[in-house]
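**Q** Got a structure here, written out as structure tokens. Questions coming.
The values are calculated or read from the model by the stated rules, or taken from the named source; none is laboratory data. Just so we're clear, the structure is a prediction, and the values are computed from it rather than from any experiment. Methodologically, a virtual Cβ is constructed for each residue, glycine included, from the backbone with ideal geometry; neighbour enumeration extends over all protein chains shown.
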There are 2 protein chains.
Amino acid sequence: MYAVILAGGSGTRLWPRSRQKQPKQFADIIGNGETLIQSTASRLQGLVPEDQLYVVVGEQYAALTAEQLPLLTPKQIVTEPSGRNTAPAIGLACIHLYQRDPSAVAAFLPADHVIPDRASFQRALSCAAEVAATGYLVTLGITPTFPHTGYGYIKSSHELAASATAAQPVYAVERFLEKPDQRTAEGFLAAGGYFWNGGIFVCRVDQMLAEIERQLPEVYGCLQQITAGLGSTDAATILTEAWQTMPSISIDYGVMEGACQVAMTPLNAGWSDVGSWDALADVVPSNAEQNCIAKGETLTIDSQGNIIYSERMVALIGVSDLAIIDTGDALLVGHKSQMQKVKNVVEQLRNQGRVELL
Amino acid sequence: MYAVILAGGSGTRLWPRSRQKQPKQFADIIGNGETLIQSTASRLQGLVPEDQLYVVVGEQYAALTAEQLPLLTPKQIVTEPSGRNTAPAIGLACIHLYQRDPSAVAAFLPADHVIPDRASFQRALSCAAEVAATGYLVTLGITPTFPHTGYGYIKSSHELAASATAAQPVYAVERFLEKPDQRTAEGFLAAGGYFWNGGIFVCRVDQMLAEIERQLPEVYGCLQQITAGLGSTDAATILTEAWQTMPSISIDYGVMEGACQVAMTPLNAGWSDVGSWDALADVVPSNAEQNCIAKGETLTIDSQGNIIYSERMVALIGVSDLAIIDTGDALLVGHKSQMQKVKNVVEQLRNQGRVELL
């Protein structure tokens, strides 16, 4: 199996730790001593040979990627001239992999997710690879733990015949669903057979390229130009030019929803996309006082239910349900139920021209 | 007029800004760019000639004092071998002043108070000096703004005749009262004629020494030994030896309460002893969102009534009534009503042997 880590995002939702110069995936968010992209890579150890691991990343982060993942050779770091969402990024990775091995089966994985249970993850991914080799686009369906309204959902249907010999069940996909409202989400969980779309999937590279050709001919056209230049001295120039006309579109909307043979296998491994600071409490165990200390030394008096990520000693007195995120040049203190407003903070800083804090 | 700044304390109530190496009085607590002792000195400008300003301070802080108040000559920094409360400190200052000018009138002022209205302060102090010259111990009575239970009170009685020519009224003192309970404090404010004891007073140096001789003969005995050594090469040794038998006692309890001629003149100048972080809100104006920003840049969303002292950018989201104190190596976040528990934090750190954080 090959693997492609998608490291193109530059999210602001984990400010002040996630910055333009060091987006979330290049930061140690859960305090385990690894950055998220490092964890994403090490999570594949034993399943994907080191030389079959690729990263797609913005040009400006190529050096940071090489620094954080020294196992990668320069060829394994595929750079995008600019962000065009996931379909072009995946297409770009596919033409590189196709050149190397037209029948390659590859897993595509966001760089910034947290998946604590590595054994379950590897079992799900290798099962997906097995079925993908037979001609399916196999997505991992995250077993939902509550009616989240911030994720897309996948509705499964019958179990596939290919599933019989696999390590875990694999289902046909009935359809992909947009982010639901609260009531709809509750209905999904009550009904069963609905999973979160975590954006992790496995497929044959030739099949992915065929789907892009069929469903996204403009993207495919650009990829063809880039392919023609691969290996030549003009490769970079051709890439930059082709990229200027590359449409921006997601793989979910552009390919998965309309693909011919889509399957799903469940992932029940404590997955989180750590989309906001309060999600830390889902992936970092809380202590006896119900405080979740991702990073930093803490001394608490009459304080419960707080989330702490700090680079220094933090003392708490009589406070509850706060998220306290403390970095070298900026400190964020908020009620943990309102951490989605971090983007408003970043927006205000941008409006004020405080580029050094973005 | 002479002035003696009492800089002997090493309070822990303003941790993490107040530290053993740099106690409160040597820190910029209200974010005005001056340390508290610097403000205390500059508040006397125009009233006390520079060469008549003295500081009594622990030996270990003599260098810090000289650094922060470069106007002082070494003779103006009177060092104590160890802390023995206010009566010995004041006695020690008095024997130095007496040598220079037996009829000196001196003001004694804690180094760590905040008094925003300098004009009112100088008027009260010069009025006190005028009456002190006639043979009174004149204390400043802080006009109370609410029934505080953390201060001692002064009950005034009739206006003094000496008051007639003074810039503001001066009263006889009926008595000094210990910290009251809530109900008693409310009674004081309802009755009127009660003032907070801020520990600022003015008197003739010879009179203070006479009161110490009469009321605190042990202290006086030690002071006599020290006086005998003054100017000799053995002065430091004699001081150290005498100080070993020096009792520890406050000027209020040891002298003021039993003194023969005690007067009081009101001080209504926004005084605060900044005894805990929540007191910052009394001396630093709040902004339109009712947040009190003593130091630091702040960006707030849906947040009111917070107190901020920070060395970096602070973003607040959906939080109210917090005190957030952010220094280089430690961060304190607490509900502002519970800031008296800061001492418990310091105690826990001490028990853990975390001397670098004390």
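**Q** Are any of the residues in region B:273-283 free of Cβ contacts under 8 Å to residues at least 40 places away in the same chain and assigned to a strand (DSSP E or B)?
**A** Scanning region B:273-283 turns up no residue that is free of Cβ contacts under 8 Å to residues at least 40 places away in the same chain and assigned to a strand (DSSP E or B).
**Q** Shifting gears a bit: Just give me the residues in region A:340-352 being loosely packed, with under 15 Cβ neighbours inside 10 Å and facing another protein chain (nearest Cβ under 7 Å), in sequence order.
**A** Correct list: A:Q348 only.
**Q** May I ask you to verify whether A:R43 is within 14 Å of chain B (Cβ to nearest Cβ) and of a type in the set (D, E, K, R)?
**A** no
**Q** Is there a residue being in contact (Cβ under 8 Å) with a residue 12 or more places away in the chain, within 20 Å of A:L6 (Cβ to Cβ) and either among the small types (G, A, S) or surrounded by fewer than 18 Cβ atoms within 10 Å (Cβ to Cβ) (or both) anywhere in region A:155-178?
**A** Within region A:155-178, none of the residues are in contact (Cβ under 8 Å) with a residue 12 or more places away in the chain, within 20 Å of A:L6 (Cβ to Cβ) and either among the small types (G, A, S) or surrounded by fewer than 18 Cβ atoms within 10 Å (Cβ to Cβ) (or both).
**Q** OK, next. Of all residues being within 13 Å of chain B (Cβ to nearest Cβ) and charged (D, E, K, R) in region A:275-298, which is nearest to B:Q338 (Cα to Cα)? Just the residue, please.
**A** Ranking the candidates gives A:E297 first.
**Q** Further, regarding this structure: Being small (G, A, S), under 18 Å from the mean Cα position of the chain (by Cα) and surrounded by 21 or more Cβ atoms within 10 Å (Cβ to Cβ) is the requirement here; does A:A62 meet it?
**A** Answer is no for this residue.
**Q** Sticking with this structure for a sec: Can you tell me which residue among A:A62, A:A111, A:A106 is over 27 Å from A:K343 (Cβ atoms), out of contact with any Asp or Glu (no Cβ under 7 Å at 6 or more places or on another chain) and among the small types (G, A, S)?
**A** Among A:A62, A:A111, A:A106, only A:A106 is over 27 Å from A:K343 (Cβ atoms), out of contact with any Asp or Glu (no Cβ under 7 Å at 6 or more places or on another chain) and among the small types (G, A, S).
**Q** Examine region B:168-178 for a residue that is at pLDDT 95 or above, among the hydroxyl-bearing types (S, T, Y) and more than 30 Å from B:T145 (Cα to Cα), and state whether such a residue exists.
**A** So far as region B:168-178 goes, no, none of its residues is at pLDDT 95 or above, among the hydroxyl-bearing types (S, T, Y) and more than 30 Å from B:T145 (Cα to Cα).
**Q** A:E289 fails exactly one of the following numbered conditions: (1) of a type outside the set (K, R); (2) surrounded by fewer than 17 Cβ atoms within 10 Å (Cβ to Cβ); (3) assigned to a strand (DSSP E or B). What is the number of that condition?
**A** (3)
**Q** Please determine, by comparing only the residues of region B:146-164 that are in contact with a Leu (Cβ under 9 Å, 6 or more places away or on another chain) and assigned to a loop (DSSP other than H, G, I, E, B), which one is farthest from B:A190 (Cα to Cα).
**A** Going through the qualifying residues, I end up with B:G152.
**Q** Looking for something within 26 Å of B:V314 (Cα to Cα) and without any contact (Cβ under 8 Å) to a residue 12 or more places away in the chain - is there at least one such residue anywhere in region A:9-25?
**A** Looking through region A:9-25, at least one residue is within 26 Å of B:V314 (Cα to Cα) and without any contact (Cβ under 8 Å) to a residue 12 or more places away in the chain.
**Q** Of all residues in region A:305-358, how many are part of a loop (DSSP other than H, G, I, E, B), of a type in the set (K, R) and touching a Gly at 6+ places or on another chain (Cβ under 9 Å)?
**A** 1
**Q** Sticking with this structure for a sec: If we scan region A:218-229, do we find a residue that is over 30 Å from A:C127 (Cα atoms), out of contact with any helix residue (DSSP H, G or I) (no Cβ under 6 Å at 6 or more places or on another chain), among the β-branched types (V, I, T) and crowded, with 19+ Cβ neighbours inside 10 Å?
**A** No; the residues of region A:218-229 include none that is over 30 Å from A:C127 (Cα atoms), out of contact with any helix residue (DSSP H, G or I) (no Cβ under 6 Å at 6 or more places or on another chain), among the β-branched types (V, I, T) and crowded, with 19+ Cβ neighbours inside 10 Å.
**Q** Consider only pairs whose beta carbons are under 6 Å apart and that are at least six residues apart or on different chains; among these, list those whose first residue lies in region B:196-223 and is farther than 25 Å from B:K179 by Cβ and whose second residue is in a strand (DSSP E or B) and among the small types (G, A, S).
**A** B:V205/B:A106
**Q** Does at least one position in region A:246-263 carry a residue that is more than 30 Å from A:L137 (Cβ to Cβ), under 26 Å from the mean Cα position of the chain (by Cα) and hydroxyl-bearing (S, T, Y)?
**A** No, the conditions are met nowhere in region A:246-263.
**Q** When the residues of region A:312-339 are filtered to those that are within 7 Å of chain B (Cβ to nearest Cβ) and acidic (D, E), which remaining residue is surrounded by the fewest Cβ atoms within 10 Å (Cβ to Cβ)?
**A** Only one residue fits best here, namely A:D329.
**Q** Do you know which of the residues in region B:15-56 that are of a type in the set (A, V, I, L, M, F, W, C) and touching a strand residue (DSSP E or B) at 6+ places or on another chain (Cβ under 6 Å) is surrounded by the most Cβ atoms within 10 Å (Cβ to Cβ)?
**A** Only one residue fits best here, namely B:V55.
**Q** Mind checking which residues of region A:299-311 are more than 7 Å from chain B (Cβ to nearest Cβ), closer than 19 Å to B:R17 by Cα and modelled with pLDDT of 95 or more?
**A** Listed by number, the list holds a single entry, A:T300.
**Q** Which of the residues belonging to region A:233-254 are closer than 12 Å to A:Y220 by Cα and not in a helix (DSSP H, G or I)?
**A** Answer for region A:233-254, where residues must be closer than 12 Å to A:Y220 by Cα and not in a helix (DSSP H, G or I): A:T245, A:M246, A:P247.
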